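Encoded as structure tokens, the structure appears first; notes follow it.
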Amino acid sequence: MTRYDWYLECSACGTRGDPEGLPTVCPSCGQPWLVRYPDRPLSLTDRAEIHRGHGMWRFRRFLPLMDGEEPVTLGEGDTPLLRLDRAAPTLGYDALWLKDEGTNPTGSFKARGLAMAVTRAVLGGAESFVVPTAGNAGVALAAYAARAGRSARIYAPATTPRTILNQIRWFGGDLELLDGHIGDCGRRALEFAQETGAFPMATLREPYRIEGKKTLGLEIARQMWWKLPDAVVYPAGGGTGLIGMWLAFQELLELGWVQGRMPRLYAVQSAGCAPVVEAVARNADHCEPWPEPRTVASGLRVPAPLGGPLMLRGIRDSGGGAVAVSDEELSRRAIEISRLEGLDLSPEGGASLAAAARLLEAGAIKPSEHVVVFNTGAGWLYRD
């Protein structure tokens, strides 16, 4: 049996699990696993070595890889952190930075999580995959499964933008469209996994997508010369990016690699699907399913996120919050800032910028603070 230098810990009940094979969720309570690394001492010398690497794998000492293991990669990570000199005053800020995940190989931040998850699953013996998707995860799984020489079944809502669906087919994904939302696709994906043995890659239903998303926070720290921002404004559907950054910032602070304190994490959702915003408002520890989710930002159309409890913990632990914006607001901001800065913003990126303006108006963020907003995907994927 392989001796791993990490173990799995249930995010809810604390049960410990073995990384051997193909773990999914905690068998005791059905909640997501988190990866823990008790035997990886890291020093400031290791921090200096990170600059020699490339892409998200420069952070492999923070990731579930053994010595000598090679990842399934398309060159993901090292996305730009751009200062928005013209957009900042428009939104009321002295300065504002945008992390542009649309430059990843598959056009979105999903490349990070799926690269890590496919890598670990292939090493664990997976021969095929299945995933429900609002769009971008399907593109990423199709691409990384092809890279690994595996097949992938993808279930997506019929309302998913056509360009995204075409990309899934282009990479060889076996695409099935369903009436309904991602929750309906999730149920069918689990049935398919049980019927065929395909390994399920849904958000937080295996432990490693979140580890790939940790590199969002690790990259921000490196790109800001190891000084953490005051706040991060992030469009949250399934929430792995927000949770991953929360975990990454904790690790960096514990190591003493960064200056500052835990950034305040703000989740952004659409007014047409805002289960996290509603849970924060009622000070709950879980999200209630959102009835009839509707929004043009397909990545935010997640009515019952499995990672809801973890998102809420990260938001509260960091002193952050959650805000909902209308489709009209997020669309207007995406167009406005794309034309001001030469960016290709997705609707979710527009939501981040609309929320940044809202948070400033509400006094949650000060104009002088260092704030990072996210564009989680390329705008061209949403345009027919």
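The values are calculated or read from the model by the stated rules, or taken from the named source; none is laboratory data. Quick caveat, the model's predicted, so the values are computed rather than measured. Quick reminder, even Gly has a Cβ in these numbers, built from the backbone with ideal geometry, and neighbours come from all protein chains shown. Note: accessible area is taken over every heavy atom of the protein model, side chains too, but ligands, DNA and RNA are not part of it. Shrake-Rupley method; radii C 1.70, N 1.55, O 1.52, S 1.80 Å.
Some observations on this one:
- Less than 5 angstrom separates the built amide H of R264 from those of A231, V232, all sequence-distant by 5 or more or on a different chain.
- Solvent exposure of segment 159-242 as accessible area per residue, Å², 1.4 Å probe: 37
- J(HN,Hα) series, segment 359-367, from Karplus relation 6.51 cos²θ - 1.76 cosθ + 1.60, nearest Hz, glycine and proline x: 5, 5, 4, 7, x, 6, 10, 8, x
- If the segment from D285 to D94 were pulled out straight at 0.36 nm per residue, it would be longer than the present Cα-Cα gap by 65.3 nm.
- Sulfur and carbon atoms: percent of accessible area, the chain [1.4 Å]: 49
- Over the chain: helical MRE at 222 nm, DSSP H runs n ≥ 4 each giving -39500 (n - 2.57), nearest 500: -11500 deg cm²/dmol
- Here is the list for segment 38-82: GluC sites (Glu not before Pro) lying in DSSP coil, each with at most 13 other C-beta atoms within 10 angstrom of its C-beta, are E69.
- Summed side-chain charge close to R209 - residues other than R209 whose Cβ falls under 13 Å, Lys, Arg +1, Asp, Glu -1: +3
- For segment 228-244, putting each phi into the Karplus relation 6.51 cos²θ - 1.76 cosθ + 1.60 with θ = phi - 60° gives couplings of 6, x, 6, 8, 10, 10, 9, x, 10, x, x, x, 5, x, 5, 5, x Hz, in residue order, rounded to whole numbers and with x for Gly and Pro.
- Charge context of G113, other residues only, Cβ under 13 angstrom, K/R +1, D/E -1: +3
- Under 5 Å, built H, 5+ apart or other chain: amide partners of L34: E9, C10, S11
- Segment 38-81 shape via C-alpha gyration tensor axes, a/c threshold 1.5: oblate
- Count, lysine Cα pairs under 15 Å in the chain, 8 or more residues apart or across chains: 5
- Label zone at R3 (point 7 Å along Cα-to-Cβ), backbone N below 18 Å, segment 69-113: 69
- Centre separation in Å (Cα based) which lies between segment 38-82 and segment 194-227: 13
- Only one residue of W246, G308, Q259 has its Cα farthest out toward the positive end of the dipole of the chain, where Lys and Arg carry +1 and Asp and Glu -1 on Cβ, and that residue is Q259.
- Cα gyration tensor shape for segment 249-304, rounded if a/c is under 1.5, else prolate or oblate: prolate
- Using a Förster distance of 51 Å, the FRET efficiency for R383-D39 (Cβ separation, nearest 0.05): 0.60
- For D78, neighbours were defined as the other residues whose beta-carbon sits under 10 Å from its Cβ, and their charges (Lys and Arg +1, Asp and Glu -1) total 0.
- Mean separation of Cα contacts under 8 Å (6+ apart) over length of segment 155-280, as relative contact order %: 20
- Size of electric dipole in the chain: Cβ of Lys, Arg +1 and of Asp, Glu -1, about Cα centre, debye, nearest 20: 380
- Hz values of 3J(HN,Hα) by residue in segment 283-295 - Karplus curve (6.51, -1.76, 1.60), Gly and Pro given as x: 6, 8, 9, 8, 9, 7, x, 8, x, 6, x, 9, 6
- Gyration tensor verdict on the chain (Cα atoms; rounded if a/c is under 1.5, prolate if a/b is larger than b/c, oblate otherwise): rounded
- Over the chain, Cα pairs under 8 Å with separation of 6+ residues give a relative contact order of 18 percent.
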